[in-house]
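Some notes on the structure that comes next.
The values are calculated or read from the model by the stated rules, or taken from the named source; none is laboratory data. Since we're looking at a predicted model, the values are computed, not measured. Cβ: placed from backbone, ideal geometry, glycine included. Neighbour counts: every protein chain shown.
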Amino acid sequence: MKGYLDQKKVEMISFIETLVNIDSGSYLKNGIDQIGKILKENYEEMDFQVEIIKQEEYGNHLVVRHKDAMKPTIMIVAHMDTVFPEGTSKERPFKIVGDRAYGPGVIDMKSSQVSLIYALQALREHGSNAYKNVEIIINSDEEVGSPTSRELIKDRAKDKKYALIMEPARKDGSVVSSRRGNGHYTLNVRGKAAHSGIEPEKGRSAIEELAHKVIQLHELSDHEKGISVNVGMIEGGSSVNTVSDNATAHVDIRITEQKQAKVLEEKIEEICSTSEVDGTKIDIEGSMNRPPMEKNSQTKSLLEIIKEVGRDIGIEIVDTATGGGSDASFTAAAGVATIDGLGPIGGNAHREDEYLEIPSLVERTLLLAKTIERLSLHSNDE
């Protein structure tokens with residue numbers, strides 16, 4: 001298979017260039033659907049059937065499986081959206097400098113989309129039927145928390161044994177075996193306005209109340225246990241000489257274990273149930289967005305299989321934990337053995353200098369193909 005992929009390397013890079021030069025930010029439905037159309041055509045050329053899950057606000061999702069597939073045991077998840085606004089691809093289109101390719105979304109995760117297609121092509125050309133043992137979810141809203149695709153992912157995960165998530169490998173080549181869960185809350189504090197020079201005693205400062213809440217919320221962090229609470233944005237007031245009658249805080253929370261979620265949510269609600277500044281009121285809204293992807297026994301078993309495949313093709317696979325979220329959280333929470341970071345190697349995702357390590361493209365595509373093949377054999381043996 002490596003020889004086949006080596007021959008296709010230039011073609012793969014050209015395909016990545018095509019995708020990178022199409023703006024597909026999460027709210028750019030036309031661009032995402034354009035990418036979806038290109039991907040659909042490529043899968044159909046391999047006799048895959050592509051179901052389009054139409055969306056109004058976001059791009060359409062795709063569910064892909066071979067026409068001869070019976071009950072695929074492997075689920076693969078890859079997203080089409082990026083974090084970049086319209087016009088980015090014209091400002092800084094795909095380019096190659098040395099052994100790296102640059103461009104918006106090049107590693108997160110347009111290279112992964114191409115790697116996945118060519119991994120399946122390699123299996124097909126090699127005479128392996130393993131490419132029929134996958135069901136692929138290609139979603140359009142991962143970068144904004146997968147609001148319209150999470151239920152689709154959870155539903156399709158129900159009968160699967162393995163989930164391979166196509167986020168990029170880390171800069172050092174690590175795959176991802178655990179992720180922290182995350183949530184977002186918004187605190188809205190209402191007070192009473194007054195002139196700070198003429199009658200400050202008549203005011204009730206929403207900003208003062210919010211200051212108390214920020215300190216109390218930050219004290220919930222326990223970094224040794226993998227719990228963090230961060231008030232990342234605050235706003236409020238109308239002028240410097242007015243006692244503020246409004247203030248807002250946006251809060252990010254991260255957890256390592258699912259059991260931490262309920263305890264943390266209860267503590268946040270308790271803090272916001274009373275006011276330190278008389279006459280102020282607090283409204284809170286929000287919830288957990290993604291559950292944690294925990295490194296359980298299922299994950300460890302799948303990781304060992306991938307490490308074995310790596311050794312067979314001359315790659316040492318190491319794993320890591322990360323605080324960022326991905327759709328791996330949903331498959332893991334559904335009880336499916338999940339490994340993330342199975343795309344090519346790169347770095348600086350979401351930044352102007354985002355890059356793909358070009359030498360990793362064939363290597364990681366081969367790893368993916370061989371992993372699909374090994375997992376298919378493993379499923380048949382059970």
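For the range 171-276, the strands (runs of 3 or more DSSP E) that sit wholly inside it and include 1 or more residues that are farther than 30 Å from GLN298 by Cα and over 28 Å from the mean Cα position of the chain (by Cα) are 181-190, 228-236, 246-255.
Only one of the listed residues (THR331, THR320) is in contact with a Lys or Arg (Cβ under 8 Å, 6 or more places away or on another chain), surrounded by fewer than 19 Cβ atoms within 10 Å (Cβ to Cβ), polar (S, T, N, Q) and farther than 20 Å from LYS110 by Cβ. That residue is THR320. Checked against (1) at pLDDT 95 or above; (2) more than 21 Å from the chain's Cα centre (by Cα), ARG351 passes all but condition (2). All of (1) out of contact with any Phe, Trp or Tyr (no Cβ under 6 Å at 6 or more places or on another chain); (2) farther than 24 Å from HIS350 by Cβ; (3) surrounded by 17 or more Cβ atoms within 10 Å (Cβ to Cβ) hold for ILE32 with one exception: (2). For LEU356, state whether it is surrounded by 14 or more Cβ atoms within 10 Å (Cβ to Cβ), within 22 Å of GLY3 (Cα to Cα) and out of contact with any Leu (no Cβ under 6 Å at 6 or more places or on another chain). For LEU356, the condition - surrounded by 14 or more Cβ atoms within 10 Å (Cβ to Cβ), within 22 Å of GLY3 (Cα to Cα) and out of contact with any Leu (no Cβ under 6 Å at 6 or more places or on another chain) - is met. Of everything in the range 216-248, what is surrounded by fewer than 16 Cβ atoms within 10 Å (Cβ to Cβ) and among the acidic types (Asp, Glu)? Give them in sequence order. Matches in the range 216-248: GLU219, ASP222, GLU224, GLU235. The number of residues in the range 1-44 being charged (D, E, K, R) and either within 21 Å of TYR102 (Cβ to Cβ) or in contact with an Asp or Glu (Cβ under 6 Å, 6 or more places away or on another chain) (or both) comes to 4.
Does the range 336-352 contain at least one residue that is surrounded by fewer than 23 Cβ atoms within 10 Å (Cβ to Cβ) and in a helix (DSSP H, G or I)? So far as the range 336-352 goes, no, none of its residues is surrounded by fewer than 23 Cβ atoms within 10 Å (Cβ to Cβ) and in a helix (DSSP H, G or I).
ALA163 falls short on exactly one of the conditions (1) exposed (fewer than 14 other Cβ atoms within 10 Å of the Cβ); (2) in a strand (DSSP E or B), and that condition is (1).
Pairs meeting the criteria (first residue in the range 44-61 and farther than 17 Å from SER24 by Cβ and among the charged types (D, E, K, R), second residue modelled with pLDDT of 95 or more and loosely packed, with under 12 Cβ neighbours inside 10 Å, beta carbons under 7 Å, at least 6 apart or on different chains) are ASP47/LYS67.
Can you tell me how many residues in the range 219-243 are within 14 Å of LEU187 (Cα to Cα) and either out of contact with any Ser or Thr (no Cβ under 9 Å at 6 or more places or on another chain) or β-branched (Val, Ile, Thr) (or both)? Before you say what the answer is, go through the steps one by one.
Our first condition is that a residue be within 14 Å of LEU187 (Cα to Cα); within the range 219-243, this holds for 229-236.
Add one more test, that the residue is either out of contact with any Ser or Thr (no Cβ under 9 Å at 6 or more places or on another chain) or β-branched (Val, Ile, Thr) (or both), and what stays is 229, 231-232, 234.
The total comes to 4.
Any idea which of ILE317, ILE306 is in the same structural domain as ILE74 (by TED's automatic domain parsing), modelled with pLDDT of 95 or more and part of a loop (DSSP other than H, G, I, E, B)? Only one candidate passes the filter, namely ILE317. Residues in the range 72-93 that are acidic (Asp, Glu) and surrounded by fewer than 16 Cβ atoms within 10 Å (Cβ to Cβ): GLU86, GLU91. Within the range 296-317, if we keep just the residues that are closer than 22 Å to ARG180 by Cβ and among the hydrophobic types (A, V, I, L, M, F, W, C), the residue that is surrounded by the most Cβ atoms within 10 Å (Cβ to Cβ) turns out to be ILE306. Quick check: is even one residue across the range 195-214 over 30 Å from ASP327 (Cβ atoms), in contact (Cβ under 8 Å) with a residue 40 or more places away in the chain and among the hydrophobic types (A, V, I, L, M, F, W, C)? Yes: the range 195-214 contains one or more residues that are over 30 Å from ASP327 (Cβ atoms), in contact (Cβ under 8 Å) with a residue 40 or more places away in the chain and among the hydrophobic types (A, V, I, L, M, F, W, C).
Looking at the range 102-142 only, could you name the residues that are of a type in the set (A, V, I, L, M, F, W, C) and in contact with a Gly (Cβ under 6 Å, 6 or more places away or on another chain)? Steps first, answer last, please.
Applying the first criterion (of a type in the set (A, V, I, L, M, F, W, C)) to the range 102-142 yields 106-107, 109, 114, 116-117, 119-120, 122-123, 130, 134, 136-138.
The answer is ILE107, MET109.
Within the range 176-202, take every residue that is buried (at least 20 other Cβ atoms within 10 Å of the Cβ) and out of contact with any helix residue (DSSP H, G or I) (no Cβ under 8 Å at 6 or more places or on another chain) and give me the one that is nearest to ASN241 (Cα to Cα). Steps first, answer last, please.
Here is the first cut: in the range 176-202, the ones buried (at least 20 other Cβ atoms within 10 Å of the Cβ) are 176-183, 185, 187, 189, 191.
Checking the rest, the ones that are also out of contact with any helix residue (DSSP H, G or I) (no Cβ under 8 Å at 6 or more places or on another chain) come to 180, 182.
Details: ARG180: 42, ASN182: 38 Å.
Taking the candidates together, the pick is ASN182.
If you go through the range 367-381 and keep only what is in contact (Cβ under 8 Å) with a residue 12 or more places away in the chain and either surrounded by 24 or more Cβ atoms within 10 Å (Cβ to Cβ) or of a type in the set (D, E, K, R) (or both), you end up with LEU367, LEU368, ALA369, LYS370, THR371, ILE372, GLU373, ARG374.
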